[in-house]
Amino acid sequence: MTFIGIGKRRIFFRAFVLFSIVFFVWICFVPKERKLPLEEKNEISDFDDGEAITSVRWNEEMEAALLFDAQKQMPGLGDKGEAVTLAPLEEQKAEAVMKKEGFNLILSDKIMYNRTILDARHPECLKMKYPEDLPSASVIIVFTNERWSSLIRTIHSVFNRSPKHLLKELILVDDASDHEELQEKLEYYIATRLPKKITLVRLPKRSGLIKARLEGAKQAKGAVLVFLDAHCEVGIDWLQPLLARIKESRKSVVVPIIDVIHDKTFEYQNNGGSFDFELGGFTWSGHFTWIPISQEEERRRGSPSSPTRTPTMAGGLLAIETKYFWEIGSYDPDMDIWGGENLEMSFRVWQCGGYLETIPCSRVGHIFRNFHPYTFPGNKDTHGINTARMAKVWMDDYKRLFFKHRPELEDIDIGNITGRIELRKKLKCKDFKWYLTHVYKNKFVLDENVQAYGRVMTHANRLCLDNLQNSEEDKHPLGIYSCHNELYMSQFFSLSNAGELRREFVCAEVSTAKMEVEMYKCHGGHNQKWTYTSNHALMHIDTRLCLDSEGTWSGKFVKVSPCNNSKTQKWSWEFLT
């Protein structure tokens, strides 16, 4: 039998005491795994079956921050998408914040992440039955310094209103945000409040929407890619109609109806309860615009719930089969930051054998901001440069009209476009004239199928018709200005074969009460019909009055008066066809 000596016993005793102290410190001060209560771990009803992370490292600081957020929120506020008005003092503060953020952040922070919204779908959509074996979706949301409440509400709406067997994953791509709340706090929220189906991808430097979406697409495992902006609320049963159409037609790139979430009141606006909606168009200056559904397309689609062909898309919200996304050329990887990618993809899909469709039974609310609350690296006009790149690849000779609007971009460095031109050849894509003939049939081309176009100069002096920098979105008087030495867009007018004295979207009409000429949205009515007579007069057919520059000068407005063959009523067109 062996005994431990007194010296050894002292060593063991000291070791025991030291171990006890270390164990006590570990018990008291080292954070441990802690189960979160159900209401804390996950607020999402459809994912409460163990898919959420239930065991995470407890963080008192993060919990306090999330509690602070929760205490701002008012249950029921803004439910069913109802408008909310703040108290006068808060309203003043909110107005100041809106100038920085582009929307009412004060109110957004008060509205629950899981608020309800109204069901804005057409009654026919409520009867729709979708197969269970629809393709799975990877939802990709790119953000840079998005405000916390708008981002989290977007995420919750996707989980709340997407069938879990169809939602493969939600991929958040952080484009180098530097807001503190989007760092550790966001990671903690994802780990403790959201299902495991969410992945956060951090980009090491600011890359822009286009490259960030490409990174998200590379990570995606779903059969369909669904791109959303970071300030949305998806509608009831929004996902199934998109996936069903792609299952029927894999070359269809589909978009939901985009409803407006009011930037100030957070009202979910569904066009006043009307089921009418608009499609995507474009301007010759290279911007997206909304256009009405043509009568021909109304007849073709047959039903108000049927897929509706659209010439272009806004670009923020879309779904596309993953394999087809890569086959058709994904996004142009050499486009920088933001801008032009929506028109580039729209033209490419149509010209290369695909379809672009609005799906009426899918609706998504979107906060439309009047400005970008974040900066663009290098302060470059990325929209202009990207659009010039698009024009040179896809618009063929029609790029002349884009560069007539943006002459400063014609010779700017747009990078190497050889790869995109080769893609167009590889895919055997059609030309832009085919697109205008078969897809965007009613797009007005300023110098084709017209009687005359270009500058319109009065014989009385060197003054030309001019839009005087007025927006074509608004009604405005027809102006006159000193003729430029070359044709600029402000003085580009057309006399259409239909007899319209017009620009791209607005036509001249007469106010007989004031004898004024106003530019108003073209509608084809009799009040917008003119004729160019053999003695060089522009006569309004309905009133038999002639366009007159008498008594006006540069920067003022023309009028109509009884025809008298005077020089002030004689006009010369730059080009007669």
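Only one residue in R153, R193, R147 is surrounded by 19 or more Cβ atoms within 10 Å (Cβ to Cβ), over 21 Å from the mean Cα position of the chain (by Cα) and under 24 Å from G81 (Cα atoms), so which one is that?
Values: R153 fails: over 21 Å from the mean Cα position of the chain (by Cα); R147 fails: over 21 Å from the mean Cα position of the chain (by Cα).
Going through R153, R193, R147 in turn, just one is surrounded by 19 or more Cβ atoms within 10 Å (Cβ to Cβ), over 21 Å from the mean Cα position of the chain (by Cα) and under 24 Å from G81 (Cα atoms): R193.
Could you tell me how many of the residues in region 261-285 are among the hydrophobic types (A, V, I, L, M, F, W, C) and more than 30 Å from A391 (Cα to Cα)?
Step one: of region 261-285, the residues among the hydrophobic types (A, V, I, L, M, F, W, C) are 261, 266, 275, 277, 279, 282, 284.
Filter again for more than 30 Å from A391 (Cα to Cα), leaving 261, 266, 275.
Adding up the residues that qualify gives 3.
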- Message: Quick check on my filter: what residues within region 170-184 are buried (at least 18 other Cβ atoms within 10 Å of the Cβ) and within 22 Å of the chain's Cα centre (by Cα)?
- Response: L170, I171, L172, V173, D174, D175, S177
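Say we look at region 502-518 and pick out the residues that are part of a strand (DSSP E or B) and either among the polar types (S, T, N, Q) or in contact with a helix residue (DSSP H, G or I) (Cβ under 6 Å, 6 or more places away or on another chain) (or both); which of these is modelled with the lowest pLDDT? Before you say what the answer is, go through the steps one by one.
Initial filter on region 502-518 (part of a strand (DSSP E or B)): 502, 506-511, 516-518.
Keeping just the survivors that are either among the polar types (S, T, N, Q) or in contact with a helix residue (DSSP H, G or I) (Cβ under 6 Å, 6 or more places away or on another chain) (or both) gives 507, 509, 511.
Working: C507: 98, E509: 96, S511: 82.
Checking each candidate, the answer is S511.
Please determine whether any residue of region 354-362 is of a type outside the set (F, W, Y), touching a Cys at 6+ places or on another chain (Cβ under 6 Å) and surrounded by 21 or more Cβ atoms within 10 Å (Cβ to Cβ). I'd like the intermediate steps shown before the answer.
Applying the first criterion (of a type outside the set (F, W, Y)) to region 354-362 yields 354, 356-362.
Imposing the further condition that a residue be touching a Cys at 6+ places or on another chain (Cβ under 6 Å) reduces the set to 361.
Of the ones still in play, those that are also surrounded by 21 or more Cβ atoms within 10 Å (Cβ to Cβ) are 361.
Looking through region 354-362, at least one residue is of a type outside the set (F, W, Y), touching a Cys at 6+ places or on another chain (Cβ under 6 Å) and surrounded by 21 or more Cβ atoms within 10 Å (Cβ to Cβ).
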- Query: What are the pairs, 6+ residues apart or on separate chains, where a residue within region 274-289 that is farther than 22 Å from E408 by Cα has its Cβ under 8 Å from a residue that is of a type in the set (G, A, S) and in a loop (DSSP other than H, G, I, E, B)?
  - Reply: G280/A314
- Determine the pairs where a residue that is touching a residue at least 12 places away in the same chain (Cβ under 8 Å) and of a type in the set (S, T, Y), located within region 310-325, has a partner that is crowded, with 22+ Cβ neighbours inside 10 Å and part of a helix (DSSP H, G or I) with Cβ atoms under 6 Å apart, the partner being 6 or more residues away or on another chain. T312/L343; T312/S346
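For region 316-332, state whether one or more residues are modelled with pLDDT of 95 or more, charged (D, E, K, R), surrounded by fewer than 23 Cβ atoms within 10 Å (Cβ to Cβ) and part of a loop (DSSP other than H, G, I, E, B). Break it down into steps so the answer makes sense when it comes.
Of all residues in region 316-332, those modelled with pLDDT of 95 or more come to 317-332.
Restricting the remaining residues to those that are charged (D, E, K, R) gives 321, 323, 327, 332.
Subsequent filtering for residues that are surrounded by fewer than 23 Cβ atoms within 10 Å (Cβ to Cβ) retains 323, 327.
Still in the list and also part of a loop (DSSP other than H, G, I, E, B): none.
No, the conditions are met nowhere in region 316-332.
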- Query: Which number in (1) over 15 Å from K211 (Cβ atoms); (2) modelled with pLDDT of 95 or more marks the one condition that E344 misses?
  - Reply: (1)
- If you go through region 544-571, how many residues are surrounded by 15 or more Cβ atoms within 10 Å (Cβ to Cβ) and part of a loop (DSSP other than H, G, I, E, B)? 8
- All but one of (1) aliphatic (A, V, I, L, M); (2) under 20 Å from L228 (Cβ atoms); (3) surrounded by fewer than 22 Cβ atoms within 10 Å (Cβ to Cβ) hold for I106; which doesn't? (2)
- With respect to the numbered conditions (1) surrounded by fewer than 19 Cβ atoms within 10 Å (Cβ to Cβ); (2) farther than 27 Å from K559 by Cβ; (3) touching a strand residue (DSSP E or B) at 6+ places or on another chain (Cβ under 9 Å), which one is the sole condition not fulfilled by Y440? (1)
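So how many residues does region 352-382 have that are at pLDDT 70 or above, within 25 Å of S108 (Cα to Cα) and outside any strand (DSSP E or B)? Even if it seems obvious, please write down each step before you answer.
Initially, region 352-382 is screened for residues at pLDDT 70 or above, giving 352-370, 379-382.
Remaining after also requiring within 25 Å of S108 (Cα to Cα): 362-370.
Applying the additional criterion that residues be outside any strand (DSSP E or B) yields 368-370.
Within region 352-382, residues that are at pLDDT 70 or above, within 25 Å of S108 (Cα to Cα) and outside any strand (DSSP E or B) number 3.
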- Query: Just a yes or no: is a residue in region 246-257 crowded, with 16+ Cβ neighbours inside 10 Å, of a type in the set (V, I, T) and in contact with a helix residue (DSSP H, G or I) (Cβ under 6 Å, 6 or more places away or on another chain)?
  - Reply: yes
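Give the residues of region 75-91 that are surrounded by 10 or more Cβ atoms within 10 Å (Cβ to Cβ) and assigned to a loop (DSSP other than H, G, I, E, B), sorted by residue number.
G76, L77, G78, E82, A83, V84, T85, L86 - these are the residues of region 75-91 that are surrounded by 10 or more Cβ atoms within 10 Å (Cβ to Cβ) and assigned to a loop (DSSP other than H, G, I, E, B).
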- Note on the structure: Of the residues in region 278-299, those that are under 13 Å from F347 (Cβ atoms) and within 14 Å of the chain's Cα centre (by Cα) come to G280, G281, F282, F288
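Only one residue in T418, T387 is loosely packed, with under 13 Cβ neighbours inside 10 Å, modelled with pLDDT of 95 or more, under 30 Å from E327 (Cβ atoms) and of a type outside the set (F, W, Y), so which one is that?
Values: T387 fails: loosely packed, with under 13 Cβ neighbours inside 10 Å.
Unique residue meeting the criteria: T418.
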- Query: Can you name the helices (runs of 4 or more DSSP H) wholly within region 181-288 that have at least 1 residues being of a type outside the set (D, E, K, R) and farther than 30 Å from H383 by Cα?
  - Reply: 184-193, 239-248
- Query: Can you find even one residue in region 421-428 that is surrounded by 14 or more Cβ atoms within 10 Å (Cβ to Cβ), under 30 Å from K521 (Cβ atoms) and not small (G, A, S)?
  - Reply: no
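The values are calculated or read from the model by the stated rules, or taken from the named source; none is laboratory data. Please read these numbers as outputs of a predicted model, since none were measured by experiment. Cβ: placed from backbone, ideal geometry, glycine included. Neighbour counts: every protein chain shown.
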